[in-house]
Amino acid sequence: SGDRGDEATAAVSDAGRARGTTVVVEDLFATRPARREALAGAAAEFSRISSLVADYALANPAVAFTLDHDGSRTLSTPGSGVTDALLGVYDRRTASRSTEFDASADIDPGGGDESVSVEIAGVLAYPSNTRASRDHVRVSVNGRPVRNDRLAAAVRAGYGRLLS
């Protein structure tokens, strides 16, 4: 008992799966009527999802993102840099009418002897690209999109009177 005699052998081989993570959402809250009723409607919910994926794609331009909806590709970035992320989220006109920036500085936030190194990088669209809506001010911190009215207001203030 416990002695099996023959050993079983198994072949191990690669399975067919592309690199990356796939998230599929179907019938979300279908069994939760109270939660389902709180949703704003399919178009509004997809708009929120699309905006969030765009935020992450722009915050992480070295990562490829794709978003499909009802069998159609609505967003795709190759993960090859900022310009290609802009092309995937917006269009060629927007990508060509923007400029990348980066800067770093050591600052002393408390007035003492301690300094903190701060780095900032991003893309500024030319004022001719601006939209009437404020929701295209996209800010991320350490690769994570953030919604912060003060940061968005600071970005808009940086444009001064160029935006109207």
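Brief remarks on what is shown
- Estimated FRET transfer efficiency when R0 is 45 angstrom, pair THR31-VAL155 (beta carbons, to 0.05): 0.60
- Exposure proxy order (Cβ contacts within 10 Å, fewest to most) of THR21, THR31: THR21, THR31
- Karplus 3J(HN,Hα) series, Hz, for region 46-51 with 6.51 cos²θ - 1.76 cosθ + 1.60 (x for Gly, Pro): 5, 4, 5, 4, 4, 5
- Placed amide H near SER140: partners under 5 Å, 5+ positions off or other chain: VAL146
- Efficiency of FRET from Cβ geometry, THR83 and SER115, R₀ 35 Å, rounded to 0.05: 0.60
- Along each principal axis, taking the top coordinate minus the bottom one, the Cα set of region 33-162 gives 57, 39, 33 Å in descending order.
- Counted charge near THR74, where neighbours are those whose Cβ lies closer than 14 Å (Asp, Glu -1; Lys, Arg +1): -2
- Using the Cβ-Cβ distance between ASN148 and GLU45 with R0 set to 30 Å, the FRET efficiency works out to roughly 0.85.
Throughout, read-outs are computed from the coordinates displayed, never taken from laboratory work. What you see is a predicted model, and the numbers here were worked out from it, not measured in a lab. Because the Cβ atoms are built from the backbone with ideal geometry, glycine has one as well, and the counts that use them run over all protein chains shown.
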